[in-house]
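This report concerns only the one structure given below.
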Amino acid sequence: MTSAVAQDDEATDRELIDQAHSGQWDAQDTLARRHRQSAFVLALQMLGNRDDAMDVAQDAMLRFFTTLDSFDRERRVQPWLFTIVRNQVRDLWRRRQQRPGDGLVDGEALAGQLVDSANPEADLQRQQLRKSVWRAVATLSETKREIIVLRDFHDLSYKDIADVLKIPIGTVMSRLHGARKQLKAKLEEGGHHV
Amino acid sequence: MSEPCGRTFDEALISGYVDGTLVQGDAQRVQIHLEDCASCRALVDEITAVRETTISSAFATPADHEWPAEAPQSTASRTARRLGWPVLAAWAILLAGVGLLEAWRDADDSLERLILVAGVSGLSLLFLSVLLDRLKARKSDRYHEVHK
């Protein structure tokens, strides 16, 4: 029999965390289903490779649940999970002897993971533009890429971004603006004007 | 393509303006600036357009069956594992200490004791070497401030 928790997708993350703390496995399962895809996408955007992203996302989810006891229930789940994903990505780069600056990803591979809209013919121009933008995002340094994807894809608030990147909230706006300006320049270099 | 804004203006405020995160005073300052700065108006439009493009994107995600089927660990399992490692480490240290002490007492001559001392010294030097490497790596590790 499926418990009420597993069926209750409307429960807030905080309620699910409380239930998970009290040992309800279904609550953990609901949390995992709710957040694992965004963990995967963030890893994909940072690594550009689907297999690596899946490995990182799985490790991040495991790490999330093994550290659940120390999770501050006042925090939001997604920034906490994204912090773990970011660490896992950096661990992967470190294991592969990659240093910051080496973390560029294959723009074609990343753009190739975009899902076409429901009506691709009517939306062809828009989809081409999306591909161009993500190819350009792929050429940004990982520091710029991560702040762009956290704000302009995952729609995190400045406070959540500051939490994930471990930077003062006052730095978020200037770093984000620098990244946006560079992205704009890359698009212009490629002959794309949005 | 917009020309750079030549005036004294903190251009990063443009991003805060687009994101709606500015306090009222800063937002008004940006609005006043935008009224007579065509290049910053163009920048607002470009940033907004790129953001609309990225945020409306969707990536192919793994199907449910591609994720591991096993349930996450229970609280009891996590607690047991967390306690288990320190207890195991303490046991191993105690066992090694008692073993060395016994071996020292049972040693018949100075040669056996010399072998024991040499073994312990070698292990200690190897441990020290790894420890020093780790400490050095930690100092130069850009990511050490990122908590796991």
**Q.** helices (runs of 4 or more DSSP H) enclosed by the range B:1-67 - at least 1 residues per element that are exposed (fewer than 14 other Cβ atoms within 10 Å of the Cβ)
**A.** B:24-35, B:38-55
(Q) With the structure loaded, tell me whether A:H192 is in a loop (DSSP other than H, G, I, E, B) and more than 18 Å from the chain's Cα centre (by Cα) or whether it fails that test. (A) yes
Q: Determine whether A:V164 is at the interface with chain B (Cβ under 9 Å from one of its Cβ atoms) and more than 14 Å from B:S15 (Cα to Cα).
A: no
Q) Within the range A:36-52, which residues are assigned to a helix (DSSP H, G or I), touching a residue at least 12 places away in the same chain (Cβ under 8 Å) and either surrounded by fewer than 21 Cβ atoms within 10 Å (Cβ to Cβ) or facing chain B (nearest Cβ under 9 Å) (or both)? A) A:R36, A:S38, A:F40, A:V41, A:L44, A:Q45, A:R50, A:D52
Q: Identify all residues within the range A:59-80 that are aromatic (F, W, Y), under 16 Å from A:R36 (Cα atoms) and either more than 10 Å from chain B (Cβ to nearest Cβ) or part of a loop (DSSP other than H, G, I, E, B) (or both); write none if there are none.
A: A:W80
Q: State which residue is surrounded by the fewest Cβ atoms within 10 Å (Cβ to Cβ) when the search covers only the range A:167-194 and only residues that are within 7 Å of another protein chain (Cβ to nearest Cβ) and under 21 Å from B:L22 (Cα atoms).
A: A:S174
Q | Yes/no for A:D18 being more than 9 Å from every other protein chain (Cβ to nearest Cβ), surrounded by fewer than 20 Cβ atoms within 10 Å (Cβ to Cβ), without any contact (Cβ under 8 Å) to a residue 60 or more places away in the chain and within 18 Å of B:D64 (Cβ to Cβ) | A | no
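Coordinate-derived values only; no laboratory data. Predicted model only: the values in this text are computed from it and were never measured. Here the Cβ is made from the backbone with ideal geometry for all residues, glycine too, and neighbour counts use every protein chain on show.
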